[in-house]
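> Handing you this structure, nothing more for now.
The values are calculated or read from the model by the stated rules, or taken from the named source; none is laboratory data. Remember, it's a predicted structure, so these values are computed and weren't measured experimentally. Note that each Cβ is placed from the backbone with ideal geometry, even for glycine, and that neighbours are counted across all protein chains shown.
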Amino acid sequence: MPNPLAIPSPELIARLGTIVGPAHALGADDERQAAYLVEPRGKYRGRTPLVLRPGSTAEVAAIAAACNEARVALVPQSGNTGLVGGQTPGEDGAEIVLSLGRLRQIRGVDQARTSMIVEAGLTLAEVRAAAEREGRLFPLSMASEGSCQIGGNLATNAGGVGVLAHGNARQQVLGLEVVLADGRVWDGLRTLKKDNTGYDLRDLFIGCEGTLGIITAAALKLVPRPAEVATAFAALSRLEDVLALFQHAEAMAGGALTAFEFLPRFGIEVVTQHVPGARDPFPDPHPWYVLLDISGSTADGTAERTALTLMAEAAAAGIVADATVADSLARARALWRLREAMSEAQKHAGGSIKHDISVPVPLLPAFIAGAGCVVERVCPGARPMPFGHFGDGNVHYNVSQPRDMDTARFLALWQPMQDAVHGLVVEMGGSISAEHGIGRMKRDELARVKSAVELDLMRSLKAALDPNGILNPGRVL
Ligand SMILES: Cc1cc2nc3c(=O)[nH]c(=O)nc-3n(C[C@H](O)[C@H](O)[C@H](O)COP(=O)(O)OP(=O)(O)OC[C@H]3O[C@@H](n4cnc5c(N)ncnc54)[C@H](O)[C@@H]3O)c2cc1C
């Protein structure tokens, strides 16, 4: 066990301030600190004596070295969109926040435009736009992409809507630059596709949630942009039909099936009631909906024809009750808006208890049916809103409070509800965190899903890379 961490002294605070300069060291009485102290759902609120906004890798390294020497905790923060409390400083006011948002350079694109080296503080949307300017695609994509930053995406091994075709963030990285806990810099910014020279250090830092090192830059893979994308929206009566449609779509489109998301009726209701301009695509209500993309490498209408044939065949087989294929980019965007606005719109249905789980794809209908029963046992009348990345077996199993229940009383059921839902996930061989990570929220759950050997290996890695335990203490482990 490392020695206990120290409270930052006034001398350390002054020294750290000189590293970044006064404009970028926000003290406890600086009102600009507010944006760094609470995470998106308001579940975690912290205090800090200092928010530091370094402008270079060298400044990050100097900060880490000083904090390591003083045994003071550092909490890396990027876009502050993480959903498990990892980026929020603790309530005791002893942790220093290290914001990476000023590391904004695009360091280079290779001649063949197959890779791009970027600094950690660019937003995901900016990285995607930079790839587009090169005529290429960086396929990581999610509803938070205007705010989350690429360093945060890699630290959480983010998922999103492009995983079906391109994999998680991990699969989209060739190399990293990382500042270690003691301030040394690991320059692993290689752009090789194949490199079997020893242990893969890159993969240790991706998904480490800031507990093993601070990502300051990354070499990202760029892929060809699709020449055309057809977006379809289907209404279905049963979850088994959603699975049947997924299998049919995969068989017909293969790798051209680039997104397959599902939504429940309750989700469509909250979005169409509360999001300006959002409309139900169909005249009648249906229990389930699917949003899918089929991409094509040639702009010859093949993608649209495949989507139309898929929907016609699925309707003829009784899988799909109604369907539409977008006939313009504006229409496709409006259909995607229904999916992307779902978590935000759910706030209008009162308090909600959230889960981010995965099970093997064929088990999804059984999981959702089983979870509905366990939720009803914990809180009769609670309203499940399962939605998300069906094609990845990943459900955001959110549960809204019963209509007439007090919100605080409902949220007090978070633990028993989570225990019950996660119990079912574990029984089905699934994961209690498909894409959001562990952070502080699920740390105590980890022992339930990891073996003693796995936990021991994880602790050994932490002790080797951060022997004083200054990086994001109390997160993950
Ligand atoms: C509306 C909405 C939709 C979302 N949709 C998705 C989705 O589809 N898929 C998905 O996976 N997630 C999703 N998320 C969650 C979130 O956007 C991701 O986890 C994202 O990758 C976090 O990036 P960030 O820049 O905001 O990181 P932060 O929230 O700032 O940090 C997240 C974690 O990474 C650590 N960290 C941050 N930067 C660094 C760094 N440079 N080096 C080391 N550690 C670091 C932090 O300490 C923290 O533990 C969504 C969130 C919202 C609010």
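> Within region 79-124, restricting attention to residues that are part of a loop (DSSP other than H, G, I, E, B), in contact with a strand residue (DSSP E or B) (Cβ under 9 Å, 6 or more places away or on another chain) and of a type in the set (G, A, S), which residue is nearest to A25 (Cα to Cα)?
It comes out as G101.
> Given the structure, is V84 within 30 Å of P4 (Cβ to Cβ) and under 21 Å from the mean Cα position of the chain (by Cα)?
So V84 passes the test.
> Need pairs with beta-carbon distance below 7 Å; first residue without any contact (Cβ under 8 Å) to a residue 12 or more places away in the chain and within region 102-126, second part of a strand (DSSP E or B) and more than 12 Å from the ligand (Cβ to nearest atom); sequence gap 6+ or separate chains.
Taking only residues 6 or more apart or on different chains, the pairs are G108/I117.
> T309 is checked against (1) surrounded by fewer than 18 Cβ atoms within 10 Å (Cβ to Cβ); (2) part of a strand (DSSP E or B) and fails just one. What number does that condition carry?
Only one criterion is unmet by T309, namely (2).
> Which ones in region 64-78 are surrounded by fewer than 23 Cβ atoms within 10 Å (Cβ to Cβ) and either in a helix (DSSP H, G or I) or within 25 Å of the chain's Cα centre (by Cα) (or both)?
A65, A66, N68, E69, A70
> While we're on this one: Looking at (1) buried (at least 22 other Cβ atoms within 10 Å of the Cβ); (2) in a loop (DSSP other than H, G, I, E, B); (3) under 9 Å from the mean Cα position of the chain (by Cα); (4) not small (G, A, S), which is the only condition E145 fails?
(3)
> Confirm whether E177 is modelled with pLDDT of 95 or more and under 20 Å from the mean Cα position of the chain (by Cα).
No; evaluated as a whole, the condition is false for this residue.
> Going through region 277-317 one residue at a time, which ones are of a type in the set (D, E, K, R) and closer than 18 Å to R339 by Cα?
R279, D280, D293, listed by residue number.
> Then there is this: Under 7 Å between Cβ atoms, at least 6 apart or on separate chains: pull out the pairs that start in region 19-34 with a residue that is farther than 17 Å from A64 by Cβ and end on any residue that is among the basic types (K, R).
L26/R32
> Name the pairs: first residue in region 191-215 and away from the ligand (no atom under 16 Å from the Cβ), second residue assigned to a strand (DSSP E or B), Cβ to Cβ under 6 Å, at least 6 apart or on different chains?
Short answer, once both residue conditions are applied: T191/S115; T191/L174; T191/A219.
> Anything in region 348-384 that is part of a strand (DSSP E or B) and over 20 Å from the mean Cα position of the chain (by Cα)? List them, or say none.
Answer for region 348-384, where residues must be part of a strand (DSSP E or B) and over 20 Å from the mean Cα position of the chain (by Cα): R383, P384.
> Residue by residue through region 416-443, note down the ones that are within 16 Å of the ligand (Cβ to nearest atom), at negative phi and part of a loop (DSSP other than H, G, I, E, B).
Passing the criteria: I432, A434, E435, H436, I438, R440, M441, K442.
> Output the number of residues of region 163-188 satisfying the condition of being in contact with a His (Cβ under 9 Å, 6 or more places away or on another chain) and more than 11 Å from the ligand (Cβ to nearest atom).
2
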